[in-house]
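Notes to accompany the following structure.
The values are calculated or read from the model by the stated rules, or taken from the named source; none is laboratory data. If you're wondering where the values come from, they're calculated on a predicted model, not measured in any experiment. Note that we place each Cβ from the backbone using ideal geometry, even for glycine, and neighbour counts take in every protein chain shown.
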Amino acid sequence: MKQNGISLHPLDVAAGPEPELLCIFGTGDLGRSLGLRLLQSGYGVVYGSRRPNSCGPLPQGAQVMTHAEAAQSSNLIFICVHREHYELLTTMEHHLKGKVLVDLSNNLKKGMYPEANAVYMQRLVPSAAVVKGLNTLSAWALQNELLAGKQVFLCGESGEAKQAVAHLATKLGLTVLDKGSLSAARELEDFPLKLFPEWRLPLSIAVGLSAFFFFYLLIRDVIYAYVEKKNEISYRIMVALANKVVFPIVALVMLSLCYLPGAIAAFFQLYRGTKYRRFPNWLDRWMLCRKQMGLVALGFAVLHAIYTFIIPIRYSFRHKLISGVVDEVKNNKTTPSYFDNTEAWGTDSFISLGILGFFLFVLLGLTSLPSVGGSLSWREFNFIQSKLGHLTLFICTAHGYIYGWNKFLRPSTYKWYTPPGYMLCLIVPSVVLVLKLLLLLPCVDRALTRIRQGWERTQPKEMDEIKTTNL
């Protein structure tokens, strides 16, 4: 075959350009997983190893050689070894001159060394450009291709080096955030050491609510019964106190706390007349952990459902049921005329709303998973998390109201002049539902929609500036 007078072999026409060759120092789990992902993205991979002939299985298509030989084959080198082995870089400094070294190392604890690993590496090899980054990626995430949209951080002294690493990370499906110079390396190395940072606030709230309601109801129910009536019911602490009060109360309050910040933010926007001003830091932090707060609430709801299923096998329940049957037989209350239709309606409504609320609760939890939420359009996701979420809150709140529909006005309900737990837990969800109802009013909804579409209300100060300019 001829093209422009030049004879070409058929295989030459089909052959594409050689893939860019990247180097990885380290053949451990992270190095192997990173190499596999780079190969799948169309790059060539060469490993540098102390024992190239006995370093274990590597991804198919990758090459392996000594560190010095591997360093000469690529301008971009990923350092996937522990800080203790950085000394090997000084033995090949002339091979690393002008190269980009990407430090992926992490430490076992904060403050383990006087300086950041990347800073130490740059000091060992001053002729290379060290970039700290990709250290928040785990071998498991790389192997299972869980990188789409995941945010990674980079820092380094060379802008060109950071740009090269950022370009590669983008091809892997990652979102890159530049944190500046190597002085930020310590911060980046501490990121993987944080233990559930986004879960701390929700878990703290859940623990605080659980402790408060547990001791409140322990005093109000168990201790009150013993002091006032000489009735020993401490056995209720294990199941009844947790199931009837603590688990459902915390679940309902935590669910309402997922939607309360959204309502507060809406009123902030209405008051300010713009969407471009930042919310207070406490509201920002609250809104960022709504997903975790909802999942914690779902966990308490699941515990409530499981505990409810085991109620019939409890000794105290069976004893109470048998005693009730014997009492009805003795007093001839088994005839239809003694059947309380209102009580039956209340019980069935209470159970039905509980089952429906729990079903919607689980549905909300499932759609918050990335694998499920990623398959939904934004409108679908917003419909489930917002509209269906508020419906879930309404049903669960109604479940609580029906539980005490005939007890609110009874003097015996207020032991030691204190309200029962289910009354206290209804305060926050009721407030959230009222605020949501106000936001749905046509006049309020129109104003909020205009603000969220970019309209801004002119402030008095701005009006004065406009008048002054015109004069």
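Just a few scattered comments:
- Subset of the stretch 255-295 [of a type in the set (Ser, Thr, Tyr) and farther than 19 Å from LEU433 by Cβ]: TYR271, THR274, TYR276
- Across the stretch 396-405, the number of residues qualifying as over 19 Å from ARG290 (Cβ atoms) and in a helix (DSSP H, G or I) comes to 6.
- Near pairs, Cβ below 9 angstrom, 6+ apart or cross-chain, from the stretch 301-322 (farther than 21 Å from LEU255 by Cβ) to any residue that is at pLDDT below 80 and surrounded by 10 or more Cβ atoms within 10 Å (Cβ to Cβ): ILE311/PHE317; PRO312/ARG318; PRO312/LEU321
- Condition check for ARG290: modelled with pLDDT of 90 or more, charged (D, E, K, R) and in contact with a helix residue (DSSP H, G or I) (Cβ under 9 Å, 6 or more places away or on another chain): yes
- On the stretch given as the stretch 63-82, residues that are in contact with a strand residue (DSSP E or B) (Cβ under 9 Å, 6 or more places away or on another chain), closer than 19 Å to LEU30 by Cα and without any contact (Cβ under 8 Å) to a residue 40 or more places away in the chain total 4.
- Selection count where residues are farther than 18 Å from VAL165 by Cβ and of a type in the set (Val, Ile, Thr), scope the stretch 19-52: 1
- Out of PHE358, PHE381, sole residue that is within 23 Å of VAL428 (Cβ to Cβ), of a type in the set (A, V, I, L, M, F, W, C) and in contact with a helix residue (DSSP H, G or I) (Cβ under 9 Å, 6 or more places away or on another chain): PHE358
- Search result, residues across the stretch 258-267 that are of a type in the set (A, V, I, L, M, F, W, C) and touching a Lys or Arg at 6+ places or on another chain (Cβ under 8 Å): CYS258, ALA263
- Test: THR175 is closer than 20 Å to TYR113 by Cβ and surrounded by fewer than 19 Cβ atoms within 10 Å (Cβ to Cβ): no
- Hey, PHE153 in a helix (DSSP H, G or I) and of a type in the set (Phe, Trp, Tyr) or not: no
- Sole exception among (1) exposed (fewer than 13 other Cβ atoms within 10 Å of the Cβ); (2) over 31 Å from the mean Cα position of the chain (by Cα) for PRO59, by number: (1)
- Taken over the stretch 430-443, the residue count meeting the criterion of being closer than 12 Å to ALA263 by Cα and either part of a helix (DSSP H, G or I) or under 26 Å from the mean Cα position of the chain (by Cα) (or both) is 9.
- Residue, surrounded by the most Cβ atoms within 10 Å (Cβ to Cβ), within the stretch 94-139, restricted to residues that are part of a helix (DSSP H, G or I) and in contact (Cβ under 8 Å) with a residue 60 or more places away in the chain: ALA118
- Residues that are part of a helix (DSSP H, G or I) and crowded, with 16+ Cβ neighbours inside 10 Å do not occur anywhere in the stretch 272-283.
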